[in-house]
Amino acid sequence: MNGLFPLYQKGAFEYPVAMALATLLGLGFGFALERGGFGSARRLAAQFYGTDMRVLKVMFSAIVTATVGLGIFGGLGVVDLGALQIPGTWWWPQIVGGFVLGAGFIVSGYCPGTAVVATASGNLDGIVSLVGVMFGALLFGALWPVLEGFYQSGEAGVVTLNGMLGVPWAVVAAGVVAMAVGAFLFGEWVERLLAKKGGTEAPDVDPRTRNRVFAGFGVAAALGLAALAVTPAAIAPPAPSPVAQWDAETLADALVRDPGSVYLVDLRDAAACGKDRIAGALCLPEGEEPGAFFATLPPTRTLVVYGASDLADAPADARRFTGKVAVLTGGHAAFHSDILTPPPAPTEATPRTLADFERKQALYAWFTGAEAAPPPVMPTRKAVTRKTKKGGGC
Amino acid sequence: MNPQLVEITHGRTNPGIDPVLHAWGWEVPVYLFLGGLVAGVMVLLAALELKRRAKATTPAGQAMPFVAIGLISLGMGALFLDLAHKVHVYRFYLSFEATSPMSWGAWILMIVYPVLLLQGLGGLSDGARGWLRAKVGGLGTLLDRVQAFADAKRRPILWTSMAVGAGLGVYTGLLLGTLSARLLWNSAVMGPLFLASGVSTGAALLLCVKLDHEAHHTLVRWDTLAIGVELALLAVLLLGLVTGGSAQQVAADTLLGGRYTPYFWSLVVVGGLAVPLVLNVVEMRRGLRPTLLTPALVLIGGFALRTLVVAAGQYTSFGLMP
Amino acid sequence: MNPQERPLWNPYVAGAFLGLVLLATYLLMGFGLGSSAAVTRVAVAGAHAVAPAAIENNGYLGAYVSSGAPILEDWMVFEVIGVFLGGLLGAYTGGRLKKGVDRGPRIGVGGRLGLALAGGVLMGFAARLARGCTSGQALTGGAALAVGSWVFMFAVFAGGYALAPLVRRQWR
């Protein structure tokens, strides 16, 4: 399944453009939150006294819409669900963090996002709340040495409901719709009950609009399921993502920049691996079935495998790894010749070749511990001070 | 071949091949922003009075020409800090070079002061005049004569103020536009663009102070118009760059897909123009109570535009060209 | 009530609209919305300006500055600028833009602001611990069917309901 979307992950545009789009998407987010009534702390807090379940209604409606939408587009093959960056699971920090965040929510009246909207609505308590969030984040940093162990505890990798249940996304999405509608009806029932008890009026919900939205959810969920029927490929469990080819420099760069982003596994036999492997590589454990070993690795990083020389494709064992898989082009030999040998000096010293040379030099130095040779001397660009410069901007 | 030799004959690092340009820091954007702001205030105050055939009614409105004098002085202070040879400033005023925007600017700045002073003095209420008269002491007769002149020539002074303001606004952009070595700046649109931006920021500043209802409404309308024109000019600028040669493409990339893209779209286009435009239109059509946040966004956007254009322009030297 | 104020949207309609924005974010970017990460970056940038060494040497916060890129040059930061602008547009066009402190009838301004600050500290801390807040975890992760995010969401509701009786005075 290889869709055109998500555009950014598929390389349609670069990070600066992504950041520019972020403002537009945030604009929609903020506008929706405001129209949902999330700019007011009292209205948000009412959720926890049962008198106005707006938080539940808005939030679940949003989740349902997005999930079902992803189910439909994923089913049709428009969007590559495997390319989505899905938050990982760390059981204990998420349970405890969620509980504390809920407590902070009812005490401050906001969550971080709605506090921004409240600030934009002129509520002073919103910005005070934001200042609190900033202090809280710094406090977490200050307590990091104590908290680090707990922060990493209960790691389970990327666990999704559809993956756990072994069913396609759209099926889970349909289930979420059913659950959400149930929760909405229950919430409205509680609202009416408390309103009767307190002698007040339940929040006014136009039943016609509500039923239309519910019907829309139902139709969308059905569409998602129908998309599965027309695209049989979608019914199969998510296909392993295609194997990427990494050249030695890409790998070396990843190892230097962020060693935590890859698992590097040496596929050669234990003797060769033990004698001379790429720094940071794991050897295949002896006496264990390689497939089982790959299956134990959490799919949060990219798995990079290499053999003695070129591997045409990742072996089936490595394919059992559920995350992204890459093969080192040229294998161990290529890494040896490209990174572990001093790069030749450029023949033509343009800024581009020089920068390229310096990068290769730096990688060579990093992996071999050798001193980086000084780059070829270049005439330094002297700032010419000119008398005519008077009136810089005038 | 010796790399050094290659470097000297082929490389761009040879100072004799690409022009070496001085890098501007924060001072120049501040000056350009304040210059545009004052230009906008001059044009708008004069236009408002000519349109209504009545002087500003609120004390804040009457004080604005004097505030503008303070702002332009601040801007020139920032500019002065940027000068390499501060004592040589006087040389600007020893000659006039008709083909140099710098020379034009230096002289326009000199005219701004007396025009603003006359505009301000002529617009004062009787109460304020009495207060000022008591303050100046021995200079009273001089003040009386200046005041009499400002009153007698009120309309010519206002027309002059509008012309000088427009000149100041255009010049802040033209100054950049004539520098061909900076790829992004080298566009004829820069002058009108900076004037439009100056008018909208000037309107925003005036909308921050207490004016009478009618003046407020007129200014919101003009502000909206200026923002609309500014958006159109930005589109013209970008279209011109995108459809231009490779030098222009490099310049366009900094705003459309490079280093300054997020700031440009977020702070200038969306936050500084589009959102205030919508807020203004909604305020006018539905008669909503005005909010200070709209002019605040316009001011932030105007400052961001100057800062980004200066920074992005300096980022795009010929060295970036393929 | 302010005569210029207009009614809020039907919550289900507002939610569906929010969901479409989230869906668009996923389709364009491949990840979802958030907010606490941006607020954290502002805090780190401020702290880094005051005490650079303390931040750089911090095991957790140091990661925000180690790349050398400007701390605030981040997707989430620009997104939150958009959230502010969107909130402003919504509040102004809805006639709800008004300077004030949102509080119940039985609490003073000082008390309300104190609690807002205290709750904010709790949230800022918890959002780092849980790797996201209601936007980044519950909403975004929930829509992506991440199990941890659903667990987080139920924990948020549990925490809110558990403490609600204690701070009832503030709201009702």
Task: Contact order relative to length of chain B, as percent, for alpha carbon pairs under 8 angstrom and 6 or more apart - done: 24 percent
- [ ] Work out the FRET efficiency for A:Ala156 and A:Arg208 from their Cβ-Cβ distance, taking R0 = 41 Å, and round it to the nearest 0.05.
- [x] 0.40
Task: Amide H within-cut-off set for A:Asp52, under 5 Å, with H built and near neighbours excluded - done: A:Gln47
- [ ] Could you please report the charge total around B:Val199, scoring K, R as +1 and D, E as -1 over all other residues with beta-carbon less than 13 angstrom from its beta-carbon?
- [x] -1
TODO: Roll a 1.4 Å probe over the protein chains and send me the accessible area per residue for the protein assembly as shown in Å².
DONE: 43 Å²
TODO: Go ahead and run the numbers for FRET between A:Thr368 and A:Leu165, Cβ-Cβ distance against an R0 of 41 Å, rounding to 0.05.
DONE: 0.25
Task: Bridge type composition, the protein assembly as shown - antiparallel percent by DSSP, nearest 5 - done: 15 percent
TODO: On a C-alpha basis, how far is the centre of segment A:101-130 from the centre of segment C:84-147 in Å? Whole number, if you could?
DONE: 3 Å
TODO: At most 13 other Cβ atoms within 10 Å and a DSSP loop assignment: could you name the trypsin sites (Lys or Arg not before Pro) in segment B:207-300 that fit?
DONE: B:Lys210
Task: Fraction of accessible area attributable to carbon and sulfur, segment B:122-229 (%, probe 1.4 Å) - done: 68 percent
- [ ] Using a 1.4 angstrom probe on heavy atoms only, work out the carbon and sulfur share of the accessible area of chain C in %.
- [x] 67 percent
- [ ] Using θ = phi - 60° and the Karplus relation 6.51 cos²θ - 1.76 cosθ + 1.60, list the HN-Hα couplings for segment B:131-137 in order, rounded to whole Hz, with x at every Gly or Pro.
- [x] 5, 5, 4, 5, 6, 6, x
Task: Which listed pairs, of A:Lys57/A:Lys324; B:Lys51/C:Lys99; A:Lys57/C:Lys98; A:Lys196/C:Lys99, have C-alpha distances above 28 Å, in listed order - done: A:Lys57/A:Lys324; B:Lys51/C:Lys99; A:Lys196/C:Lys99
Task: Efficiency of FRET from Cβ geometry, A:Glu14 and B:Ala128, R₀ 56 Å, rounded to 0.05 - done: 0.50
- [ ] Loop only per DSSP, at most 13 neighbouring Cβ atoms within 10 Å: give me the GluC sites (Glu not before Pro) in segment C:3-79, ordered by residue number.
- [x] C:Glu5
TODO: Give a residue-ordered list of calculated ³J(HN,Hα) values for segment B:289-303 (Karplus: 6.51 cos²θ - 1.76 cosθ + 1.60, θ = phi - 60°; whole Hz; x for Gly, Pro).
DONE: 5, x, 10, 5, 5, 4, x, 4, 5, 5, 5, 4, x, x, 5
Open item on the list: Would the protein assembly as shown count as rounded, prolate or oblate if I go by the C-alpha gyration tensor, calling it rounded below 1.5 in a/c and otherwise prolate when a/b exceeds b/c, oblate otherwise?
Closed with: oblate
TODO: Within the set of other residues whose C-beta is less than 12 Å from the C-beta of A:Val17, count the net charge using Lys and Arg as +1 and Asp and Glu as -1.
DONE: -1
TODO: Please compute how much accessible surface disappears when A pairs with B, both sides summed, using a 1.4 Å probe, and round it to the nearest 100 Å².
DONE: 2700 Å²
- [ ] With a point put 7 Å past each Cα toward its Cβ, work out how far A:Ala178 is from A:Leu193 in nm, to one decimal.
- [x] 2.3 nm
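Quote the relative contact order of chain A in percent (integer), defining contacts as alpha-carbon pairs under 8 Å separated by 6+ residues. Before the final figure, lay out the partial values.
Numbers: 461 pairs, mean separation 57.2, N = 394.
Relative contact order of chain A: 15 percent.
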TODO: Could you look at chain A and say what percent of its accessible area is carbon and sulfur, using a 1.4 Å probe and all protein chains?
DONE: 63 percent
Task: Cα principal axis extents for segment C:102-172, largest first, Å - done: 41, 20, 17
Open item on the list: Net charge around A:Gly187, counting only other residues with Cβ within less than 14 Å of its Cβ (Lys, Arg = +1; Asp, Glu = -1)?
Closed with: +1
Open item on the list: What's the total accessible area buried between chains C and B, using a 1.4 Å probe, rounded to the nearest 100 Å²?
Closed with: 1600 Å²
TODO: Enumerate the amide H contacts of A:Val304 below 5 Å, restricted to partners 5 or more residues apart or on another chain; note that Pro and chain-start residues carry no placed amide H.
DONE: A:Tyr263, A:Leu264, A:Val265, A:Ala326
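For the pairing of chain A with chain C, what total accessible surface becomes buried, with a 1.4 angstrom probe, in square angstrom to the nearest 100?
Summing both chains' loss of accessible area gives about 10800 Å².
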Open item on the list: Just want to confirm a number: the relative contact order over chain C, from Cα pairs under 8 angstrom separated by 6+ residues, in percent.
Closed with: 28 percent
Task: trypsin sites (Lys or Arg not before Pro) within segment C:8-115: DSSP coil, no more than 13 neighbouring Cβ in 10 Å - done: C:Lys99, C:Arg106
Task: Helix-derived mean residue ellipticity, 222 nm - over chain C, DSSP H n ≥ 4, -39500 (n - 2.57), to 500 - done: -19500 deg cm²/dmol
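The values are calculated or read from the model by the stated rules, or taken from the named source; none is laboratory data. Keep in mind that what you see is a predicted model, and the values were worked out from it rather than measured. Every residue, glycine as well, gets a Cβ built from its backbone with ideal geometry; the counts of neighbours run over all protein chains shown. Accessible surface areas use protein heavy atoms only, side chains included; no ligands, DNA or RNA. Shrake-Rupley method; radii C 1.70, N 1.55, O 1.52, S 1.80 Å.
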